[in-house]
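Single-structure report; data block below.
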Protein chains: 2
Amino acid sequence: MTLDDILNEIQIAEKIVILTHEAPDGDAIGSSLAMKLALKQLGKTSDVIIPEFSRLFSFLPGAQEIMQESSIKEYDLAIALDCGDLKRLKSGEEYFETAKRKIQIDHHGSNTMFGDLNFVNPASPACCEILVEMFEYYGINIDKEMGTCLVAGIITDTGGFRYNKTTAETFEFTAQLLRKGVNVSDIYKRVQDTKTRANFELTKLVIDRMEILEDGKVTFTYITQEDSKKNGAEVGDHEGLVEIGRDIEGVEVSIFIREKEDGTYKASLRSSTYVNVADICLMFGGGGHQMAAGCTFKESKEVVKEKLLNEIKKVLK
Amino acid sequence: MTLDDILNEIQIAEKIVILTHEAPDGDAIGSSLAMKLALKQLGKTSDVIIPEFSRLFSFLPGAQEIMQESSIKEYDLAIALDCGDLKRLKSGEEYFETAKRKIQIDHHGSNTMFGDLNFVNPASPACCEILVEMFEYYGINIDKEMGTCLVAGIITDTGGFRYNKTTAETFEFTAQLLRKGVNVSDIYKRVQDTKTRANFELTKLVIDRMEILEDGKVTFTYITQEDSKKNGAEVGDHEGLVEIGRDIEGVEVSIFIREKEDGTYKASLRSSTYVNVADICLMFGGGGHQMAAGCTFKESKEVVKEKLLNEIKKVLK
């Protein structure tokens, strides 16, 4: 049984590193910090390495101890969380590759099983929800601090309990945390609702540029590198922009493309009911979930738009 | 005990009418339709009278049977739901006043106790959540249809499980409904996320006009009657506009004012953590909840802005 094997690896390791995907969201950071707290209960110290993350998450217990890098070159054990493939670990890839043993725990359907031990449940709405199950199996006490980290991840990846992967267990676990005194509403506000000023300014641009296409079934909008610079956008400041189009009545797919520092375009797609956007992004070397996926292009934004629209048109009803 | 008295009134009545507040939201409509279904289980037919409501709610079970008015002039029993005072029943006021017996069930702190029997719980996050408690006490079976109406109200009034009044019971009840097959995610999307095209266009205006004041602690924005007309705005199309300002990092109070057909301005206020906006609105003849309240002005929008800002400044930290 993988869960027992994972526990065994943790028990024999001394130097443990916890890693997650680039541009980390609440589920990535929340699961990393919850894992560190769980390891502590198991008598293990560990390093969480995340090179950069939005200051909106700095309220999470343990966030101050997150390291940007480490002088340790060879950990006994690396645990990658919420990351579908090795490349998305970015600078964490090195720590993962050089570790003696590699575990990865994730919920992406497109997971490439890149660890020695892989605990992957694509049916789970959040990596943090997988951890709840694991921790309960291990008899770990989910206290207020750990609960705060876990529910931050759950709220992020269920879109505030809105996505259809949200389970009865998600709601029951949240009820338990509320009874334990976790301030769910405050966490919700911080991870889901709060917009930085930069994010607000980018929202304005995204809405002003929104094109409603294909009989109102598709939206397209974009942010250039210049927009991001001008508004002082940092990591995390582009969150939520792709959802704006999808939430308009009748829209099935929203496309949001963002020019990155190297001039490439990162495309984010969301669907409303039936289009599998992970399939579409896969065609362009990307991936993700059925209703939320992404891919990267080297072409101009006009070409990106055309390429994506061409594929989306084929599957629109 | 009020609950037994209410049941007694229902049992002896023949002609029953269900009423709710003007500009009805998901909690108003959801509680009305759930009540009708509950009365049916108690062997009673009833009329739900709601003169107009957003088409986004027409998916709710029983929405097709909602009446705009009734030829019955004197009901045996009127049940007002989710309505803090008689005036907010608008055209429903007449049916309420002429009914032989009057019951009202509500969760507004400012409730004026205008019924013969009043079941008011200001601690409850939604009128629908009060109904869950009532129906369970009466031994009524909360099936998929009734559950759909109830969770629509709960999602609306908890802002999709985000507000701090959301209880452990709210999450547990939602878990139960999920297990019964209620499509919570679909209801969430319909009542909370979906923006009509008119709402999207108004969002654009509201964001473009957003003023960020008082060191970033207050926002002000507005919609004129001309904006509403030009975009074909209907009942419900102004929902969510006031929250846009509040969600910007550092903002404590957001003000959104909207010109109505008669030229008056309806002000909506939201607060983030400590300002009691119900108190402020009360000064201008309005009311509501601590973090969400409203009032109406006959002055110009510049004067409204100044009056509200003056009061808000006094309580800003």
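What follows is calculated from the coordinates using simple rules that are stated; it is not laboratory data. Small disclaimer: the values here were computed from a predicted structure and weren't measured. We place every Cβ from the backbone using ideal geometry, glycine too, and count neighbours over all the protein chains shown.
Enumerate the whole-percent occupancy of each 10 Å bin, from 0 to the last occupied one, for all C-alpha pair distances of the range B:197-315.
15, 50, 32, 4
Give me the percent of Cα-Cα pairs in chain A that sit more than 26 Å apart, rounded to a whole number.
47 percent
Hey, for B:Lys73 with labels 7 Å out along Cα-Cβ, what do the inter-copy distances come to in nm, ordered shortest first?
Label point to label point, same position, other copies: 9.5 nm.
What's log10 of I(q)/I(0) for the range A:124-200 at q = 0.27 Å⁻¹, Debye sum over Cα points only, no solvent?
Normalising to I(0) and taking log10 leaves -1.37.
Normalising by the residue count of chain B, find the relative contact order in percent from Cα pairs under 8 Å and 6+ residues apart.
13 percent
Given all pairs of different Cα atoms, what value in angstroms does the Kirkwood hydrodynamic radius of the range A:1-106 take?
For the range A:1-106, inverting the mean 1/r across all distinct Cα pairs yields 13.6 Å.
For the range B:66-200, what is the largest minus smallest coordinate of the Cα atoms on each principal axis, given in angstrom and ordered from greatest to least?
41, 41, 28
Please state the relative contact order of the range B:35-116 as a whole percent: Cα pairs under 8 Å, 6+ residues apart?
Rounded, it is 25 percent for the range B:35-116.
Taking the mean number of other Cβ atoms within 10 Å as a proxy for protection, how do you rank A:4-12, B:151-159 from highest to lowest?
Most protected by this proxy first, the peptides run B:151-159, A:4-12.
What angle, in degrees between 0 and 90 and rounded to the nearest 10, separates the Cα long axis of helix B:144-157 from the longest principal axis of the Cα atoms of chain B?
Between the helix axis and the principal axis of chain B, the angle is about 30 degrees.
Output, in nm with one decimal and in ascending order, the distances from the A:Pro122 label point to the matching label points of the other copies (7 Å from Cα along Cα-to-Cβ).
Relative to the other copies, A:Pro122 has label-point distances of 5.1 nm.
Could you tell me how many degrees, from 0 to 90 and to the nearest 10, lie between the Cα long axis of helix B:2-12 and the main elongation axis, the longest principal axis, of the Cα atoms of chain B?
Relative to chain B, helix B:2-12 is tipped by roughly 60 degrees.
Put the label 7 Å from Cα along Cα→Cβ for A:Val315; what are its distances to the other copies, in nanometres, shortest first?
Relative to the other copies, A:Val315 has label-point distances of 4.9 nm.
With a 4.7 Å Cβ cut-off, tell me which Cys residues in chain B come up empty for a partner.
Cysteines lacking a close Cβ partner in chain B: B:Cys83, B:Cys127, B:Cys128, B:Cys149.
Using all C-alpha to C-alpha distances in the protein assembly as shown, build P(r) with 10 Å bins and read off the rounded percent in each one.
In whole percents, the pair-distance histogram is 3, 15, 24, 25, 18, 9, 4, 1, 0.
How tilted is helix A:168-179 with respect to the longest principal axis of chain A? Cα atoms for both, answer in degrees (0 to 90, nearest 10).
Rounded to the nearest ten degrees, it is 60.
Kindly identify the range A:45-110 as rounded, prolate or oblate by the Cα gyration tensor criterion: order the square roots of the eigenvalues as a ≥ b ≥ c, call it rounded if a/c is under 1.5, otherwise compare a/b with b/c, prolate if a/b is larger, else oblate.
In terms of gyration-tensor shape, oblate.
Please order A:Ser58, A:Ser124 by the number of other Cβ within 10 Å, starting at the fewest.
Ranked by crowding around the Cβ, least crowded first: A:Ser58, A:Ser124.
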